Amino acid sequence: MIPIILSVILLIALVFSMSIVIRKRKKAGIAGIRSALTSICFFLIAVTNLSAYWFNFMGLLNWSITVILLIIGAYFTKYMPVSDS
């Protein structure tokens with residue numbers, strides 16, 4: 001019962017954080033996919049690990065996908081806009 005509750009909480013938090021990121025990008029007038037790739041990669045890490053937990057592929061494939069997404073997300077931080085303050 002606990003894993004189901006934690007998975008639902010993760011999905012709710014994921015949807016909530018996605019909506020905040022989209023809202024902040026629209027408010028700041030930021031367009032383009034390159035500046036959004038860091039957030040997209042981090043969201044995909046959460047989805048990958050949740051699906052790995054539920055479908056029991058917690059092995060090398062899951063770790064490889066997670067590390068690759070982390071490296072891609074870290075690489076595209078250079079395209080994120082710098083705030084004025």
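The values are calculated or read from the model by the stated rules, or taken from the named source; none is laboratory data. Fair warning: this is a prediction, and the values are worked out from it, not measured in the lab. Here the Cβ positions follow ideal geometry from the backbone for every residue, glycine too, while neighbour counts run over all protein chains shown.
Overview of values
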read-out	value
Residue in the stretch 58-66 that is more than 15 Å from the chain's Cα centre (by Cα) and among the small types (Gly, Ala, Ser) present	yes
Residues located in the stretch 1-26, provided they are of a type in the set (S, T, N, Q) and exposed (fewer than 11 other Cβ atoms within 10 Å of the Cβ)	Ser19
Close pairs (7 angstrom Cβ cut-off, 6 or more residues apart or separate chains): without any contact (Cβ under 8 Å) to a residue 24 or more places away in the chain in the stretch 6-23, in a helix (DSSP H, G or I) anywhere	Val21/Ser39
Criterion: over 22 Å from Leu11 (Cβ atoms), surrounded by 11 or more Cβ atoms within 10 Å (Cβ to Cβ) and among the small types (Gly, Ala, Ser) - qualifying residue of Ala46, Ala74, Ala36, Ala52	Ala74
Some residue of the stretch 42-53 being in contact (Cβ under 8 Å) with a residue 40 or more places away in the chain, among the hydroxyl-bearing types (Ser, Thr, Tyr) and out of contact with any Ser or Thr (no Cβ under 7 Å at 6 or more places or on another chain)	yes
Condition broken by Val67, with the remaining ones in (1) surrounded by 13 or more Cβ atoms within 10 Å (Cβ to Cβ); (2) modelled with pLDDT of 95 or more satisfied	(1)
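Residue-wise test of (1) in a loop (DSSP other than H, G, I, E, B); (2) not small (Gly, Ala, Ser).
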{"residue": "Ser7", "(1), (2)": "no, no"}
{"residue": "Phe16", "(1), (2)": "no, yes"}
{"residue": "Val21", "(1), (2)": "no, yes"}
{"residue": "Phe57", "(1), (2)": "yes, yes"}
{"residue": "Trp63", "(1), (2)": "no, yes"}
{"residue": "Ile68", "(1), (2)": "no, yes"}
{"residue": "Ile72", "(1), (2)": "no, yes"}
{"residue": "Val82", "(1), (2)": "yes, yes"}
